[in-house]
Amino acid sequence: MQHLGILAHSAEGAALCFRAFCQEGAAELGAYDHPDVTLDCVSMARSMAAWDAGDHQSVRATLAGSVGRLARAGADFFVCPDNTAHLALGLPGEKLPLAGLHIAEVVAERAARDGHRRVGVLGTAYTMDGSLYGDALGSRGIAAEVPDEDDRRTVHRIIFDELVNGVFTGPARREYVRVIGRLAARGCDAVALVCTEIPLLVTPEVSPLPTLDSTRLLARAAFETAVGRRAAPRWRGGPLGG
């Protein structure tokens, strides 16, 4: 089995990915068992000024340093359970020290496998306003829809004021369910939860649309890679296919 490295950017999403990966192991390999896993986390505070300034290259440099530490710890490949971080990781630049699974590709693969044709996208403003999911879904003939501007602000505010801080409230859940309902009314047949904390707030039972849980989908793909059921990743940062 291969050794997984988890590149953490936000604590809650990374913790959920770690837990889900280990649970995959216990379910398939037996009690208490899972492939080796190492998690490395540089405080998100170190990158927030760069995110706000649009300086994604600085964020990329910070994240690349974390990947280097995972490589030195013996990891064979990495995942980053933070969708927004892929905006920086996907920039042109020096190859990352490890190959990794790309979270948007994992989510888009599942959307295509499930036969979805129009997927709502919920994440940070950086992710919703960017092309990450439009490109990944569009390459598979799937339309990507984002909420309107006011709803995007609401989704983003709740992420940074509450979710990344481990705060999950009923009012926030109701707001997200309302936004998802509006995406359903626009013809979406699924919603991609592409801030990795959102699945802790919005479960399939309360969502008006089928959910694509980016955190657990990534954890599952990582487990399948570690046990040899999925091809080893080749992406080393930069644009996909570059």
Solvent exposure of the chain as accessible area per residue, Å², 1.4 Å probe: 42
Total formal charge among the other residues, if their Cβ is under 14 angstrom from that of residue 3, Lys/Arg +1 and Asp/Glu -1: -1
Accessible surface ranking that places the most exposed of 80, 41 first, with a 1.4 angstrom probe: 41, 80
Charge context of residue 236, other residues only, Cβ under 10 angstrom, K/R +1, D/E -1: +1
Magnitude of the charge dipole, region 104-156, Cβ model with Lys/Arg +1 and Asp/Glu -1, debye to 20: 260
Solvent-free Debye scattering, log10 I(q)/I(0), computed from the Cα coordinates of region 156-231 at q = 0.11, 0.21 Å⁻¹: -0.33, -0.91
Rg/Rh for region 1-114, where both radii come from Cα atoms and Rh is the Kirkwood radius: 0.99
Along each principal axis, Cα extent of region 134-190, largest first, Å: 36, 22, 18
Residue 58 accessible area, 1.4 Å probe, all protein chains in place, Å² to nearest 10: 50
Heavy-atom accessible surface of region 159-215: percent carbon and sulfur, 1.4 Å: 54
Those trypsin sites (Lys or Arg not before Pro) in region 60-128 that DSSP places in a loop and that have at most 15 other beta carbons within 10 Å: 95, 117
Charge dipole magnitude, Cβ of K and R +1, D and E -1 - the chain, Cα centre, debye nearest 20: 340
Sparse-neighbourhood loop sites, trypsin sites (Lys or Arg not before Pro) in region 175-242 - DSSP loop, at most 13 other Cβ within 10 angstrom: 186, 229, 234
Charge sum, other residues only, whose C-beta stays under 15 Å from residue 167's C-beta, Lys/Arg counted +1 and Asp/Glu -1: -2
Relative contact order (percent, whole number), the chain, Cα cutoff 8 Å, 6+ residue spacing: 27
Region 1-66 - percent of accessible surface contributed by carbon and sulfur, probe 1.4 Å: 52
Global size of the chain as Cα Rg and Dmax, reported in angstrom: 16.9, 49
Longest exposed-site-free window of the chain, the sites being GluC sites (Glu not before Pro) in a DSSP loop that have at most 12 other C-beta atoms within 10 Å: 95-204
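The values are calculated or read from the model by the stated rules, or taken from the named source; none is laboratory data. Every value quoted in this text rests on a predicted model; they were computed, and no experiment measured them. We place every Cβ from the backbone using ideal geometry, glycine too, and count neighbours over all the protein chains shown. Note: areas computed on protein heavy atoms with side chains; ligands, DNA, RNA excluded. Shrake-Rupley method; radii C 1.70, N 1.55, O 1.52, S 1.80 Å.
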